Amino acid sequence: MLKKKILITGNEAIAEGALAAGCNFYAGYPITPQNELIAYMAKYMPETGGVFIQAESELAAINMVYGASAAGARVMTSSSSPGISLKQEGISYIAGAELPAVIVNIMRGGPGLGNIAPAQSDYFQATRGGGHGDYHMIVLGPACVQEAYDLAQTSFALADKYRIPVMILGDGFLGQMMEPILVNSKSPASSRQNEQKPWVLSGCKGRKPNIIKSFALAEGALEQLNLKLQQKYKVIKNKEIRFEGLFLDDAKIVLVAYGTMARIAKSALNRLRLEGKKIGMIRPISLWPFPQKAFCPRNKKAKYLVIEMSYGQMLEDVQLALNGKAGLEFLGRSGGGIPSEEEIINKVKEIL
Amino acid sequence: MEKIFCRPESLYDVPTHYCPGCGHGIAHRLVAEIIDQLGIREKTIGIAPVGCAVIAYDYWKFDCSEAAHGRALAVATAIKRVRPQNIVFTYQGDGDLAAIGTNETIHAANRGENLTVVFINNAVYGMTGGQMAPTTLLGQKTSTTPSGRDRVKHGYPLKISEMLALLPGVNYIERVSLHNPQEVLKAKSAIRQAFENQINNMGFSLVEILSPCPTCWGLNPKESLDWIRDHMQKEFPLGRIK
């Protein structure tokens with residue numbers, strides 16, 4: 001496929017990646033810091049023959065995404081933290097009805113209206129389901145604009161493969177930062193519609209009626225649906241782990257960070273390595289399923305330092321992965337505060 | 001012998017779960033008959049609401065989707081945009097369409113979405129046991145207005161059809177009733193009009209149906225029909241609104 005190099009923001013890269021993956025339906029509602037994404041979709045979706053709708057609310061947007069997915073489209077919506085909270089009911093319905101959908105959360109500071117500074121404080125909401133009921137989304141956390149573009153395409157493939165909502169979890173930095181990336185050409189919207197989706201609502205000509213639903217009132221029916229979902233989650237946990245590991249062979253201290261925080265942690269790591277300090281790093285890319293298997297370095301005495309733009313949310317997944325078998329430290333700020341390279345280096349030296 | 005009347009093909013041959021005297025059975029059948037008559041069963045996609053009609057897809061024999069409470073018109077908007085060649089309609093109660101889903105209703109109408117809406121107004125939340133609906137009449141007793149709806153405490157019955165008629169995106173609105181056979185026939189012809197409008201790409205069409213809920217009104221089926229005639233249609237006058 002023909003590739004070209006462009007300079008683009010993370011928000012636009014996610015939109016561009018979605019279009020390259022054949023996304024042919026987008027509905028969204030404005031909110032900072034993801035506005036470049038909705039604007040990009042408004043401008044370029046019509047060129048591919050897809051549907052763009054500026055919805056009247058986040059509730060409407062997520063339910064439009066539900067409907068379009070039921071009708072066989074490749075669908076996306078995007079928002080930022082407060083807006084994602086509003087979408088939670090709809091996401092639960094999408095999970096329950098087993099519809100593929102891609103949902104982007106470019107996180108900002110909370111709780112409440114919070115502010116528009118980058119944050120990572122929606123990790124719990126994203127990785128634990130967020131809405132009501134026993135469900136999960138696949139959650140992917142890109143750390144640079146190229147990866148945002150690439151993971152947007154991966155997200156559509158995973159959503160279709162497992163009939164599951166997939167969340168791209170970025171933050172305001174990633175969304176607004178510009179970087180040069182390599183891109184493929186956009187797919188025409190018509191090429192992806194209805195491929196191998198016999199469950200789609202298209203009119204019942206020549207077949208029995210299809211029903212898209214999550215309601216299961218008969219005794220035992222909802223338990224069966226839940227067992228089916230759990231089986232699917234088990235497969236995903238086995239097959240869809242993604243992470244980046246650095247210097248895990250000799251690391252005495254392993255930094256653990258994702259997304260934008262991982263970039264800052266990597267800079268600190270590089271400086272510490274230049275000083276001869278044996279520092280490694282684990283960057284989870286799939287936040288759900290969490291890459292537990294990454295937490296078994298050669299050096300059994302390694303200690304872990306989790307760094308987040310929150311007061312310790314991914315920290316709990318690392319605690320579960322380590323299960324008390326290794327020392328664990330935490331450095332985090334939130335509400336617009338971001339741990340700096342210096343703060344990380346100082347913390348590492350404190351632990352060493 | 002020539003068969004001149006039968007069950008519509010768009011309706012499964014199963015008993016419904018509705019209470020005796022409920023209007024949903026009649027309304028479901030009218031929709032099914034019109035879909036048969038227009039020959040659109042194989043390209044129709046229905047949206048079932050949250051409310052008593054949540055499992056309407058167990059009775060209708062065509063593609064259907066559930067929608068979260070109030071969001072039927074957001075779901076329908078997207079399906080119709082993705083599949084403009086299909087016929088898409090929502091079937092919604094008063095709580096769904098005129099309380100929790102008011103925003104979706106107004107904006108789908110205002111965008112002039114080429115959709116058909118069947119709006120069941122029975123002045124009460126039926127499925128949850130008879131609480132006050134946006135369309136509950138002044139003085140009407142419900143489980144959440146035990147002394148009757150009071151305009152000071154609870155506001156007025158919401159005339160959402162008249163409100164929607166103000167929007168330039170709306171093509172057709174008619175209010176009909178199920179309280180006697182003549183009105184049922186008028187209801188059927190209004191539903192037909194609302195589907196034909198969609199087939200002819202004429203934009204947003206809504207039929208509001210005054211429908212009996214004997215269980216939550218505390219009346220028998222006959223008294224319920226009389227209550228529509230004597231009380232409900234005074235607040236919600238029948239006829240073409242737009």
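The values are calculated or read from the model by the stated rules, or taken from the named source; none is laboratory data. Remember, predicted model here, so these are calculated numbers, not experimental data. Virtual Cβ from ideal backbone geometry, glycine too; neighbours counted across all protein chains shown. For the accessible areas, the whole protein counts, side chains as well, though only heavy atoms, and no ligand, DNA or RNA atoms are used. Shrake-Rupley method; radii C 1.70, N 1.55, O 1.52, S 1.80 Å.
Checking each residue in region A:223-237 for being without any contact (Cβ under 8 Å) to a residue 40 or more places away in the chain and either within 14 Å of another protein chain (Cβ to nearest Cβ) or of a type in the set (S, T, N, Q) (or both) picks out A:Q224, A:Q231. Among the numbered conditions (1) out of contact with any Leu (no Cβ under 9 Å at 6 or more places or on another chain); (2) over 30 Å from A:Y311 (Cα atoms); (3) more than 9 Å from chain B (Cβ to nearest Cβ), the only one that A:P100 does not meet is (1).
Could you grab me the full set of residues in region B:15-42 that are β-branched (V, I, T) and either over 27 Å from B:I228 (Cβ atoms) or in a helix (DSSP H, G or I) (or both)?
Initially, region B:15-42 is screened for residues β-branched (V, I, T), giving B:16, B:26, B:31, B:34-35, B:40.
B:I26, B:V31, B:I34, B:I35, B:I40, listed by residue number.
Does region A:41-61 hold any residues that are crowded, with 18+ Cβ neighbours inside 10 Å and within 20 Å of B:I100 (Cβ to Cβ), and which are they? Hits for region A:41-61 are A:A55, A:E56, A:E58, A:L59, A:A60, A:A61.
Sub-7 Å Cβ pairs linking a first residue in region B:107-131 that is aromatic (F, W, Y) to a second residue that is outside any loop (DSSP other than H, G, I, E, B) and open to solvent by less than 10 Å² (accessible area, probe 1.4 Å), at least 6 apart or interchain, are B:F119/B:Q92; B:F119/B:L97; B:F119/B:L206; B:F119/B:V207; B:F119/B:E208; B:F119/B:I209; B:Y125/B:G95, ordered by first then second residue.
Exactly one residue among B:V117, B:V14, B:V88, B:V31 is more than 20 Å from A:A60 (Cβ to Cβ) and crowded, with 24+ Cβ neighbours inside 10 Å, and that residue is B:V31.
Determine which member of the set B:I40, B:I79, B:I47 is closer than 21 Å to B:A187 by Cα, hydrophobic (A, V, I, L, M, F, W, C) and more than 15 Å from the chain's Cα centre (by Cα).
On the way: B:I79 fails: closer than 21 Å to B:A187 by Cα; B:I47 fails: more than 15 Å from the chain's Cα centre (by Cα).
Going through B:I40, B:I79, B:I47 in turn, just one is closer than 21 Å to B:A187 by Cα, hydrophobic (A, V, I, L, M, F, W, C) and more than 15 Å from the chain's Cα centre (by Cα): B:I40.
Residues that are assigned to a helix (DSSP H, G or I) and under 16 Å from the mean Cα position of the chain (by Cα) were ranked within region B:50-63; the one that is farthest from B:W217 (Cα to Cα) is B:Y57.
Considering region A:74-97, the residues that are in contact (Cβ under 8 Å) with a residue 60 or more places away in the chain, closer than 24 Å to A:Y149 by Cα and of a type in the set (S, T, Y) include one that is farthest from the other protein chains (Cβ to nearest Cβ), namely A:S80. Tallying residues that are over 20 Å from A:L287 (Cβ atoms), in contact with a strand residue (DSSP E or B) (Cβ under 7 Å, 6 or more places away or on another chain) and surrounded by 15 or more Cβ atoms within 10 Å (Cβ to Cβ) within region A:298-328 yields 3. State whether the residues of region A:76-89 include one that is more than 21 Å from A:V139 (Cβ to Cβ) and surrounded by fewer than 24 Cβ atoms within 10 Å (Cβ to Cβ). No, every residue in region A:76-89 fails to be more than 21 Å from A:V139 (Cβ to Cβ) and surrounded by fewer than 24 Cβ atoms within 10 Å (Cβ to Cβ).
For region A:243-261, the set of residues classified as open to solvent by less than 30 Å² (accessible area, probe 1.4 Å) and either over 22 Å from the mean Cα position of the chain (by Cα) or outside the structural domain of A:I285 (by TED's automatic domain parsing) (or both) consists of A:A251, A:I253, A:V254, listed by residue number.
Of B:T102, B:T145, B:T128, which residue is open to solvent by less than 10 Å² (accessible area, probe 1.4 Å) and among the β-branched types (V, I, T)? Even if it seems obvious, please write down each step before you answer.
On the way: B:T102 fails: open to solvent by less than 10 Å² (accessible area, probe 1.4 Å); B:T128 fails: open to solvent by less than 10 Å² (accessible area, probe 1.4 Å).
Step by step, each of B:T102, B:T145, B:T128 is checked, and only B:T145 is open to solvent by less than 10 Å² (accessible area, probe 1.4 Å) and among the β-branched types (V, I, T).
Against the numbered list (1) open to solvent by less than 30 Å² (accessible area, probe 1.4 Å); (2) within 18 Å of A:F290 (Cα to Cα), A:P118 comes up short only at (2). Of the set (1) in a strand (DSSP E or B); (2) at the interface with another protein chain (Cβ under 10 Å from one of its Cβ atoms); (3) among the β-branched types (V, I, T), all apply to B:T77 but (1).
When B:I45 is tested against (1) facing another protein chain (nearest Cβ under 7 Å); (2) under 16 Å from B:Q198 (Cβ atoms); (3) of a type outside the set (S, T, Y); (4) assigned to a helix (DSSP H, G or I), just one condition goes unmet, and that condition is (4). Test B:A53 against the criterion of being within 7 Å of another protein chain (Cβ to nearest Cβ), open to solvent by less than 10 Å² (accessible area, probe 1.4 Å) and either over 19 Å from A:P209 (Cβ atoms) or touching a residue at least 60 places away in the same chain (Cβ under 8 Å) (or both), and give yes or no. The answer is no for B:A53.
Quick check, is B:P168 open to solvent by 10 Å² or more (accessible area, probe 1.4 Å) and either within 27 Å of B:E104 (Cα to Cα) or in a loop (DSSP other than H, G, I, E, B) (or both)? Let's see the steps before the verdict.
Numbers: open to solvent by 10 Å² or more (accessible area, probe 1.4 Å): yes; either within 27 Å of B:E104 (Cα to Cα) or in a loop (DSSP other than H, G, I, E, B) (or both): yes.
The answer is yes for B:P168.
B:G25 falls short of the stated requirement of being within 26 Å of A:G90 (Cβ to Cβ), open to solvent by 10 Å² or more (accessible area, probe 1.4 Å) and away from chain A (no Cβ under 13 Å). Residues in region A:266-275: is at least one open to solvent by 10 Å² or more (accessible area, probe 1.4 Å) and of a type in the set (A, V, I, L, M, F, W, C)? Checked against the condition, which is being open to solvent by 10 Å² or more (accessible area, probe 1.4 Å) and of a type in the set (A, V, I, L, M, F, W, C), region A:266-275 yields at least one hit.
Any residue at all in region A:183-203 that is modelled with pLDDT under 95, within 28 Å of A:G49 (Cβ to Cβ), outside any loop (DSSP other than H, G, I, E, B) and not hydroxyl-bearing (S, T, Y)? Yes, that holds for at least one residue.
Keeping to region A:19-36, report how many residues are on the phi > 0 side of the Ramachandran plot and either among the aromatic types (F, W, Y) or open to solvent by 10 Å² or more (accessible area, probe 1.4 Å) (or both).
Of the residues in region A:19-36, the ones on the phi > 0 side of the Ramachandran plot are A:22.
Going one step further and asking which of them are either among the aromatic types (F, W, Y) or open to solvent by 10 Å² or more (accessible area, probe 1.4 Å) (or both), we end up with none.
Final tally of qualifying residues: 0.
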